[in-house]
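Data first, discussion second: the structure below is written as structure tokens.
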Amino acid sequence: MTGNSPAVVSASKLGLTFQTNDGPVQALSNVDLTIGKGEFVSFIGPSGCGKTTLLRVIADLEKPTAGTISVNGMTPEQARESRAYGYVFQAAALFPWRTIERNVGLPLEIIGLSRAEQAERIKRTLELVNLSGFEKKYPWQLSGGMQQRASIARALAFDADLLLMDEPFGALDEIVRDHLNEQLLELWERTNKTICFVTHSIPEAVYLSTRIVVMSPRPGRVSDIIESTLPKKRPLDIRETPEFLAIAARVRDGLRAGHSYDD
Amino acid sequence: MNWLKPSWQAVLAVALCLIAVGLGAMSKPEAAALAQPEASFPYPYLVTKGLMFGLLVIAALVSMTRLPAIVEALVLFVGAHLTAWLLITGINGFEGTALAPYFLVLAAAWLLGWRCVAVLSSLRPVANWARTALRLIIPAIFGAWILILWEAITRGAGIPFILLPPPSAIGARIASSLPVLGADVRQTIFKAVIFGYVVGSGAGFLAAIAADRVPFLRRGLLPIGNMVSALPIIGVAPIMVMWFGFDWQSKAAVVIIMTFFPMLVNTVAGLAASGHMERDLMRTYASGYWQTLFKLRLPAAAPFIFNALKINSTLALIGAIVAEFFGTPVVGMGFRISTEVGRMNIDMVWAEIAVAALAGSVFYGVVALFERAVTFWHPSVRGG
């Protein structure tokens with residue numbers, strides 16, 4: 001952790017080995033990473049490179065077996081118990097028996113906020129993701145993109161400074177995805193949160209991030225970290241600029257270098 | 001020929017009518033009267049015979065012209081049921097004398113009823129009330145025909161009362177024994193079944209939660225619960241009578257034993273039904289055991305729990321009735337069945353069966369309605 005800008009996430013020599021029936025599987029090995037406040041960090045890599053596992057370790061959904069990690073200067077467990085982050089899963093995972101507003105209010109209920117406070121926050125976060133007017137709908141009455149937006153609203157509702165997103169737009173079509181990427185950037189700019197974002201898509205990673213962590217499998221490790229030189233304001237057509245394409249090429253090279261093609 | 005729309009049921013019905021006319025007398029008294037034209041016997045269908053054949057043939061022929069489906073169904077409905085009514089009222093006083101044409105006419109009327117239901121089933125009305133009405137009318141006609149065939153065959157063929165009484169006799173018995181049936185229902189259903197069902201299902205539910213919370217119970221309780229469910233009710237019931245006496249409490253105990261296990265197993269399965277992602281989500285909120293239980297796992301388990309409640313609604317009734325065979329005060333549905341069989345009052349046995357079937361269906365229906373209200377979000381309820 002550097003002295004003047006406190007790290008939100010700081011990992012050193014982090015490793016995680018799963019014991020399976022086919023013997024131990026090294027999901028993460030020797031990961032060193034520091035994420036500062038207000039950064040938008042993407043994790044990209046092929047399946048099995050441990051990017052989701054790394055995110056789950058930060059969220060205390062998995063326990064590391066080697067190395068150290070701190071979140072907001074605490075252990076991940078303490079951070080989870082102090083509700084330091086919001087987590088967005090690959091699927092919306094909304095509860096079908098709750099309306100959209102009750103879904104967004106779920107973490108607020110668990111924290112134990114007053115009814116009035118809950119209503120106020122639900123209203124504000126639904127506005128943030130452009131879902132005002134859908135409060136009384138049930139999840140299954142909305143499109144996939146709207147459901148995922150509701151799940152982002154749910155992660156934002158309790159105002160944690162850290163947002164962990166695990167391929168949140170992976171199941172959506174290209175058009176919806178572009179739209180949500182744009183909205184996510186706008187939201188990041190407005191709320192000044194720190195975002196960790198797992199993705200499969202090179203353009204998505206380059207478009208969104210201030211920093212791109214390229215990972216490779218067997219064992220899962222960080223093979224490259226690329227600082228983005230793109231400005232903070234990014235219209236969708238920035239993706240056609242030479243600067244964007246140059247970063248995308250670097251990411252691709254990093255992926256190729258780390259990926260073993262011999263098997 | 002595009003005004004004609006043949007259906008095999010109607011064609012067959014007309015054919016059966018023609019054969020019946022060809023065969024002549026519909027009952028033995030009529031055959032006797034025909035054999036001795038000078039003597040005057042009273043015999044069934046003196047005036048209504050022509051009317052029945054006419055109704056059947058006309059309804060069958062009209063139904064085959066190109067009519068709107070609803071008119072066709074109406075024609076068939078009137079033809080089939082009016083004929084059946086004439087047939088059944090006509091045999092009154094001449095039970096057991098029917099000849100082949102009687103059964104042919106019955107078969108023809110039944111075919112028209114079949115065609116009527118088939119036409120109604122193919123209707124696709126837009127209005128909501130019409131759909132609801134159809135959903136009720138189709139099974140009602142279907143059920144009515146079971147009763148019509150039962151009544152006409154038992155009376156026409158003169159089946160002994162002991163073997164199978166006609167439904168009209170059972171109905172008359174129900175009407176004349178309402179106070180007795182009421183007392184039996186109160187004893188068996190309102191005391192033993194309801195109490196046993198509530199306590200048994202409730203205990204199964206709480207045991208499932210305890211097993212979920214405490215790992216050693218999960219390992220120990222589930223196999224024992226399995227054994228309890230395998231206990232033969234015939235063996236348990238007399239023991240419960242020894243323990244809890246002759247009154248309804250011993251029957252309630254049998255019902256508790258029968259309903260406990262289905263609820264336990266289903267709730268345990270239901271508690272495992274919520275997805276990994278949802279449980280991880282609750283974990284990221286640092287949600288405690290009870291909050292996760294009430295906000296995620298129990299709602300997700302609701303379809304399983306209602307499944308157990310529906311299974312138990314019929315199990316409880318069977319359990320209470322059978323348990324009463326092993327000692328009871330002189331009231332109760334099981335007691336009545338066992339004693340009236342001994343006294344050859346088979347119509348009373350059937351009356352109890354009918355009441356039990358009705359009560360069981362109502363019980364099941366109420367639970368199913370609750371289920372629809374609570375699990376409205378489940379794909380099987382919201383349809384898609």
Checked against the positive end of the charge dipole of the protein assembly as shown (+1 on Cβ of Lys and Arg, -1 on Cβ of Asp and Glu, about the Cα centre), the farthest of B:ILE234, A:VAL41, B:ALA357 is B:ALA357
Yeah, segment A:49-201 with a ≥ b ≥ c from its alpha-carbon gyration tensor (a/c under 1.5 is rounded, else prolate when a/b outruns b/c, oblate otherwise) is oblate
Filtered hits (lysines, Cα-Cα < 17 Å from A:LYS51, offset >= 8 within chain) -> A:LYS13, A:LYS63
With a Förster distance of 22 angstrom and the Cβ-Cβ distance between B:ALA144 and B:TRP3, calculated FRET efficiency to the nearest 0.05 equals 0.10
Taking a straight Cα-to-Cα line shorter than 18 Å from A:LYS37, and setting aside same-chain aspartates and glutamates fewer than 8 residues away, one finds A:ASP159, A:ASP161, A:GLU186, A:GLU189, A:GLU227
Percent antiparallel among DSSP beta bridges confined to chain A, nearest 5, equals 55
Checked chain B with the C-alpha gyration tensor, a ≥ b ≥ c its square-rooted eigenvalues, rounded below a/c of 1.5, otherwise prolate if a/b is larger than b/c and oblate if not; verdict oblate
Expressed in nanometres to one decimal, the distance between label points 7 Å along Cα→Cβ at B:LEU217 and A:GLN141 is 3.8
Residue by residue through segment A:228-244, the couplings from Karplus 6.51 cos²θ - 1.76 cosθ + 1.60 with θ = phi - 60°, in Hz, x for Gly and Pro, are 7, 9, 6, x, 5, 7, 10, x, 4, 7, 4, 5, 9, 6, x, 4, 4
For chain B, whose charge dipole is built from +1 on Lys and Arg Cβ atoms and -1 on Asp and Glu Cβ atoms, the candidate among B:GLY196, B:VAL374, B:GLY332 with its Cα farthest towards the positive end is B:VAL374
A 1.4 Å probe over the protein heavy atoms gives the protein assembly as shown a carbon and sulfur accessible-area percentage of 66
Buried accessible area between A and B, both sides, 1.4 Å probe, in Å² rounded to 100, is 2100
Here the tail fraction of P(r) beyond 44 Å, over all Cα-Cα pairs of the protein assembly as shown, rounds in percent to 50
Looking only at lysines whose Cα falls under 29 Å of A:LYS137's and that sit 8 or more positions away or on another chain, we get A:LYS123, A:LYS193, B:LYS295
Shape call for segment B:3-131, from the Cα gyration tensor axes a ≥ b ≥ c (a/c under 1.5 means rounded, otherwise prolate when a/b beats b/c, else oblate), comes out prolate
Sparse-neighbourhood loop hits (chymotrypsin sites (Phe, Trp or Tyr not before Pro), segment B:287-384; DSSP loop; Cβ within 10 Å at most 16 others) -> B:PHE376
So, with points 7 Å from each Cα along the Cβ direction, the B:SER361-B:ALA15 label distance in nm works out to 3.4
By the mean-Cβ-within-10 Å protection proxy, highest first, B:250-263, B:3-16 rank as B:250-263, B:3-16
Note: B:ARG372 to B:TRP243 extended length (0.36 nm per residue) minus current alpha-carbon separation gives 42.5 nm
Candidate cut points under GluC sites (Glu not before Pro) in segment B:1-109, DSSP loop plus at most 13 other Cβ atoms within 10 Å of their own Cβ, are B:GLU38
Given a 1.4 Å probe, the accessible area of chain B per residue, as a whole number of Å², is 49
Rounded to the nearest 10 Å², the 1.4 Å probe accessible area of B:VAL268 is 40
Net charge near A:SER82 (other residues with Cβ under 13 Å of its Cβ; Lys, Arg +1; Asp, Glu -1) is -3
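The values are calculated or read from the model by the stated rules, or taken from the named source; none is laboratory data. On a predicted model such as this, the values are computed, not experimentally measured, just so you know. Ideal geometry is used to build each Cβ from the backbone, glycine not excepted, and the neighbour counts take in all protein chains shown. What goes into the accessible areas is simple: the full protein's heavy atoms, side chains included, and nothing from ligands, DNA or RNA. Shrake-Rupley method; radii C 1.70, N 1.55, O 1.52, S 1.80 Å.
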